[in-house]
Amino acid sequence: MKKKVLLMGKSGSGKTSMRSIIFANYIARDTTRLGATIDVEHSHVKFLGNLVLNLWDCGGQEGFMKQYIAQQRDNIFRNVEVLIYVFDVESQEMERDVHYYQSCLEALLQNSPEALIFCLVHKMDLVPEEQREEVFKDREEDLIRLSKPGNVTCFRTSIWDETLYKAWSSIVTMLIPNVAALEDSVTHFANVIEADEVLLFEKATFLVISYFQSKKNRDSHRFEKVSNIIKQFKLSCSKLGAKFQSMEVRNSAFAAFIDTFTSNTYVMVVMSDPTLPSEATLVNIRNARKHFEELENPNNSAMNHHSHKYH
């Protein structure tokens, strides 16, 4: 199942850097080597088994933007599932940026009226920390107003922290066809094994695609922080020629397990009872694998929603 995703925005706004971090295993400091995108770069990203993101990274130089809106209008904006438009929060040409955004929006609404629209207010690390919330809220209000009659969802992002993972996790999750069944199964699994938290990560990107938590945590970004940390650790393992498979963290307050789950996912299970033997949790993870494999590949085998035994 292919889903066409447009990644657009002014040249230098950070589109290719974020794409490279999420999908090509770059670390933030390495993105300085990336050059400007020329015209449109196509990439097919296999995500969660049978979902393929057909990613169109569109160069943002003025000449290209004019071509997209005029000569290439039908080709670019037809059959689009998602438009992700990136704004540089420090841009000195906001009026021009908004003009091109609204032109793209008009072409999108004509050719793909059902497409989801996301705006990323990017490079937020350049804004003093105490001003970030206010700056983002102002931009979000402006973009919602300027996007009418389209409906837009806005995220603040930076390649230097977990906000990038939060935005892309939210966007990609909306493209997963059976995400509701996945979320139900994660909740059921967590309840049966009495876990405090269960997180499901997509294997290649380490984006969070589903989660359960028994009580709200004070840090609303903690899942994305875990995502970022584990992905960096996994990349470090690869550079040393080692393969990351699983990890256990244990202290007097909790035990956390990260393990390969299905062919397309990793799972993290957090138990607040640190006296529980590791093997008990690992056995439950093993027992749940088959059900989640079936859920990801419903055509390969009949789903049996709650028939698997956990202990």
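Condition first: surrounded by 12 or more Cβ atoms within 10 Å (Cβ to Cβ) and over 20 Å from F292 (Cβ atoms). Now tell me which residues in the range 249-272 satisfy that.
Those that are surrounded by 12 or more Cβ atoms within 10 Å (Cβ to Cβ) and over 20 Å from F292 (Cβ atoms): R250, F254, A255, S272.
Looking at (1) assigned to a strand (DSSP E or B); (2) among the aromatic types (F, W, Y); (3) under 22 Å from Y26 (Cβ atoms), which is the one condition that is false for F257?
F257 satisfies all of (1) assigned to a strand (DSSP E or B); (2) among the aromatic types (F, W, Y); (3) under 22 Å from Y26 (Cβ atoms) except (3).
Given (1) over 22 Å from the mean Cα position of the chain (by Cα); (2) open to solvent by 70 Å² or more (accessible area, probe 1.4 Å); (3) under 16 Å from T157 (Cβ atoms); (4) not aliphatic (A, V, I, L, M), identify the lone condition not met by E106.
(3)
Out of (1) surrounded by 14 or more Cβ atoms within 10 Å (Cβ to Cβ); (2) at pLDDT 90 or above, the odd one out for N191 is which?
The single condition N191 does not satisfy is (1).
Scan (1) at pLDDT 90 or above; (2) in a helix (DSSP H, G or I); (3) not hydrophobic (A, V, I, L, M, F, W, C) for the single condition S91 breaks and write down its number.
(2)
Which is of a type outside the set (F, W, Y), free of Cβ contacts under 8 Å to residues at least 40 places away in the same chain and closer than 28 Å to E162 by Cβ, of E81, E141?
Answer to the selection: E141.
Can you name every residue in the range 54-82 that is open to solvent by 70 Å² or more (accessible area, probe 1.4 Å) and of a type outside the set (D, E, K, R)?
Listed by number, the residues that qualify are Q71, N75, N79.
Of the numbered conditions (1) polar (S, T, N, Q); (2) open to solvent by 20 Å² or more (accessible area, probe 1.4 Å); (3) outside the structural domain of F23 (by the TED database), N151 satisfies every one except a single condition; which is it?
The failed condition is (3).
Restricting attention to the range 21-53, which residues are out of contact with any helix residue (DSSP H, G or I) (no Cβ under 6 Å at 6 or more places or on another chain), under 24 Å from S236 (Cβ atoms) and either modelled with pLDDT of 75 or more or surrounded by 19 or more Cβ atoms within 10 Å (Cβ to Cβ) (or both)?
Hits for the range 21-53 are I21, F23, A24, K46, F47.
The values are calculated or read from the model by the stated rules, or taken from the named source; none is laboratory data. What you are looking at is a predicted structure, and each value in this text was computed from that prediction instead of being measured. Here the Cβ is made from the backbone with ideal geometry for all residues, glycine too, and neighbour counts use every protein chain on show. Protein only, heavy atoms only, side chains kept; ligands, DNA and RNA dropped before computing areas. Shrake-Rupley method; radii C 1.70, N 1.55, O 1.52, S 1.80 Å.
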